[in-house]
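Below: the structure, in structure tokens.
Coordinate-derived values only; no laboratory data. Predicted model, so just to flag it, every value in this text is computed and none were measured. Note that we place each Cβ from the backbone using ideal geometry, even for glycine, and neighbour counts take in every protein chain shown.
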Amino acid sequence: MASTTPGLVNSHHHLYSALARGMPAPPHSPTNFREILEQIWWRLDTALDLEMLHWAAMLGAVEALESGCTAIVDHHESPNAIEGSLDVIANACAEVGVRIVASYGVTDRHGPDGARRGLEENERFIRSGGRGLVGIHAAFTCTDPTLRAAAELAAELDVGVHVHVAEGVDDIDASTRLESMSRDNWLLVHCVHLSNDAAIRGTIVHNPRSNMNNAVGYAAPTRFANPVALGSDGIGSAMLDEFQVAYARLREHSVTETPTTAWSWLEHGWALVPEAANDVVTWSYDGVDDPWRLAFTPGVRAVDVDVDGAPVVRNGTPTRVDAHEVRAKAAEQASRLFATL
Ligand SMILES: [Zn+2]
């Protein structure tokens with residue numbers, strides 16, 4: 001029985017959402033996914049500034065390490081604080097000691113100027129040496145020229161595209177619009193309403209808890225030939241929890257399934273961020289090499305975490321930053337954010 005694993009990978013995250021907990025209720029209760037976006041996430045991202053983003057990313061990075069997650073693939077949008085936002089995220093993660101693959105979600109929701117500035121932020125960050133992908137919010141909020149510009153930029157920079165695909169029914173034609181441009185290094189997030197025989201290329205990132213929370217339906221990732229990875233879609237980076245939810249939801253769908261399938265999705269994160277395979281997490285539980293045990297064992301904690309041989313967590317506590325201070329500062333920024341909503 002082993003008590004260590006490599007660093008876990010959160011293959012789809014929104015670090016800014018660390019500040020969303022406790023936010024004031026929207027003017028009226030959303031009744032579908034589109035309204036959840038409009039009433040909650042698009043109000044929140046519009047109100048973000050770079051200081052809020054810094055402390056959101058610090059908190060998200062601290063929580064990731066505390067959960068044994070050493071690599072985050074982030075998808076970011078802050079339409080009133082675009083320029084430099086990816087540096088703010090990357091710098092916060094570097095300060096805490098977690099690996100980050102950043103992307104800015106390009107969209108035409110804020111007009112062609114907003115789309116252009118989003119593309120430029122991806123390009124600026126990646127050309128200056130940042131580890132990134134070109135982000136697209138989703139096909140249904142983008143024109144065809146914007147989708148094409150993002151795909152061409154990614155190809156030119158030799159990185160993948162990180163895009164929400166068919167998360168809700170509003171985005172049902174995403175695959176038709178994207179498949180001719182798609183490549184194997186793309187990250188296709190959600191794919192709940194993607195047809196079984198869709199010809200879109202890339203890794204499908206499954207976010208079981210978020211999909212359940214948004215009532216968008218079950219993605220049933222086993223129906224696709226594409227590789228599958230696991231993400232939290234902004235609900236922390238406790239990837240062992242996400243694995244347990246992924247397994248429970250998979251098993252509800254098909255009683256002959258096993259935890260090994262859901263574990264293979266988590267393991268695929270190491271294909272996306274191979275460096276994380278060099279990290280070492282020592283867990284509070286002896287048996288982390290057996291998905292059957294892990295699927296049914298509660299409260300497994302990361303005790304020590306080493307990234308690239310350097311200690312970033314000891315006895316469950318991040319070593320490079322004061323986690324109490326990060327939580328206090330993030331709470332201050334959350335209050336400031338809520339006051340603007
Ligand atoms: Zn997402």
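Which of the peptides 123-130, 66-73 is most tightly packed, and how do the rest follow, judged by the mean count of other Cβ atoms within 10 Å per residue?
Per-residue Cβ counts within 10 Å, averaged per peptide and sorted highest first, yield 66-73, 123-130.
Starting from 0 in steps of 5 Å, tell me what percent of the Cα-Cα pairs of region 11-107 lands in each bin.
Reading the bins upward from 0: 3, 14, 25, 23, 17, 12, 6, 1.
Averaged over all directions, how much area does the convex hull of the C-alpha atoms of region 4-340 cover when projected, in nm²?
15.5
Is the shape of region 30-163 best called rounded, prolate or oblate, per the rule: a/c under 1.5 gives rounded, else a/b larger than b/c gives prolate, else oblate, with a ≥ b ≥ c the square roots of the Cα gyration tensor eigenvalues? Mind showing how you got there, number by number?
Working: a/c = 1.74, a/b = 1.18, b/c = 1.48.
It is oblate, given that a/c is not under 1.5 and a/b is not larger than b/c.
Would you please put 103-116, 226-239, 25-38, 146-159 in order of how densely packed they are, using the mean number of other Cβ atoms within 10 angstrom per residue and starting with the highest?
The packing order, highest mean first, is 226-239, 103-116, 146-159, 25-38.
Where the centroid of each part is defined by its Cα atoms, how far is region 1-60 from region 87-161 in Å?
Value for the Cα centre distance between the two parts: 18 Å.
Would you grab the residues whose amide H sits under 5 Å from the one on GLY105? Only those 5+ places off in sequence or on another chain, please, with H modelled 1.01 Å from N.
HIS76, GLU77
Write down the percent of antiparallel bridges among all DSSP beta bridges whose residues are both part of the chain, to the nearest 5.
Around 30 percent of the beta bridges assigned by DSSP in the chain are antiparallel ones.
What value, in deg cm²/dmol to 500, does the helix sum -39500 (n - 2.57) over DSSP H runs of n ≥ 4 give at 222 nm once divided by the residues of the chain? Display every interim value, and only then the final one.
Working: 13 runs with 131 residues, N = 341.
Estimated from H runs of four or more residues: -11500 deg cm²/dmol.
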